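First comes the structure, then the notes that go with it.
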Amino acid sequence: MKGPGIQEYLQAIRELKEEARKNDQEYIEITSKELHEKLSPYHATMPTCCQAIYKSMYQGDEILKSPKGKTGFGSHLMVRMYLDTQSKNTYFEAKRRGRPPKSEVERNKIQYRFRKGGNELPSLIKEWLEEKGWNTIEHARYIEAHKDMQKWYIDIYQATRGRKMPLPNKLTEILKRMEDRDAYYSVALVDSPIYRKQWNEIPLAAKERLQVSVILADRLGHVLEMK
């Protein structure tokens, strides 16, 4: 059975605000942990819960406690929402899936770590997966993701100095690990024109038969899956 979606969370927040107004309260404080436990005790929908909280905030509201990590999602989120706000402007700029946008500082940090060969790629891929509702487990060289009854394995190839391994060689490494017939497999790399060209050169029939995709992340934190 599927857990609650973002509309159910948004409705629950509206009901909390309405109840508080009836009690002449000035504001309400919401924690993602309590809201998630109330609506979804048996499903891993924390990213959706946090998205709804962010989406319900307006300018003048406050984030009292941010989640741990870099995704913006987690059980530690605590916000204060004022009930008499006259602002029509949301707290965050509108963005796909309601997630708070990366600040200039965050974008600069990502670019710096990429230039220094830092281990930024795994965290970007995990963040991207969690935005889509996947639960992730990070291993030494790959990320394991689960959602409902689906499984997804993503091999991570960090940028290194020297000659880059061609994309077909990286796909060969994935083929050696395809032991689970019900799982989906991908390879994640730092985006480059070379990898895009090599991927487009692989026949479509081969891609469809293997059910493998390539995930590319650039230095601005954008992530794209190519099938």
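The values are calculated or read from the model by the stated rules, or taken from the named source; none is laboratory data. This is a predicted model, so every value here is computed, not measured. Cβ coordinates were reconstructed from backbone atoms using ideal geometry, including for glycine residues, and neighbour counts include every protein chain displayed. Side chains are part of the model used for accessible areas, which takes the heavy atoms of the whole protein and leaves out ligands, DNA and RNA. Shrake-Rupley method; radii C 1.70, N 1.55, O 1.52, S 1.80 Å.
Every residue in segment 14-31 that is touching a residue at least 60 places away in the same chain (Cβ under 8 Å) and either within 25 Å of residue 42 (Cβ to Cβ) or exposed (fewer than 15 other Cβ atoms within 10 Å of the Cβ) (or both), please. Outline the logic, then answer.
Initial filter on segment 14-31 (touching a residue at least 60 places away in the same chain (Cβ under 8 Å)): 17, 20-21.
Scanning segment 14-31 gives a single hit, 21.
Would you confirm, using the coordinates I've provided, whether residue 25 is more than 18 Å from the chain's Cα centre (by Cα) and within 27 Å of residue 148 (Cα to Cα)? Don't jump to the end; show me each part of the working.
Numbers: more than 18 Å from the chain's Cα centre (by Cα): yes; within 27 Å of residue 148 (Cα to Cα): no.
Criteria not met by residue 25.
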Per the filter on segment 207-227, residues under 12 Å from residue 168 (Cα atoms) and at pLDDT below 85 are 207
Filtering segment 201-219 down to residues that are surrounded by 10 or more Cβ atoms within 10 Å (Cβ to Cβ) and among the aliphatic types (A, V, I, L, M) yields 202, 206, 210, 212, 214, 215, 216, 217
Result of the Cβ filter at 7 Å on segment 194-220, keeping first residues that are over 17 Å from residue 177 (Cα atoms) and free of Cβ contacts under 8 Å to residues at least 60 places away in the same chain and partners that are exposed (fewer than 15 other Cβ atoms within 10 Å of the Cβ) and hydrophobic (A, V, I, L, M, F, W, C), at least 6 apart or interchain, is 199/226; 216/224; 216/226
Selection from segment 181-197 of residues open to solvent by 40 Å² or more (accessible area, probe 1.4 Å) and either farther than 18 Å from residue 157 by Cα or not charged (D, E, K, R) (or both) yields 181, 182, 184, 193, 194
Scanning segment 46-65 residue by residue, those open to solvent by less than 70 Å² (accessible area, probe 1.4 Å) and under 16 Å from the mean Cα position of the chain (by Cα) turn out to be 46, 47, 48, 49, 50, 51, 52, 53, 54
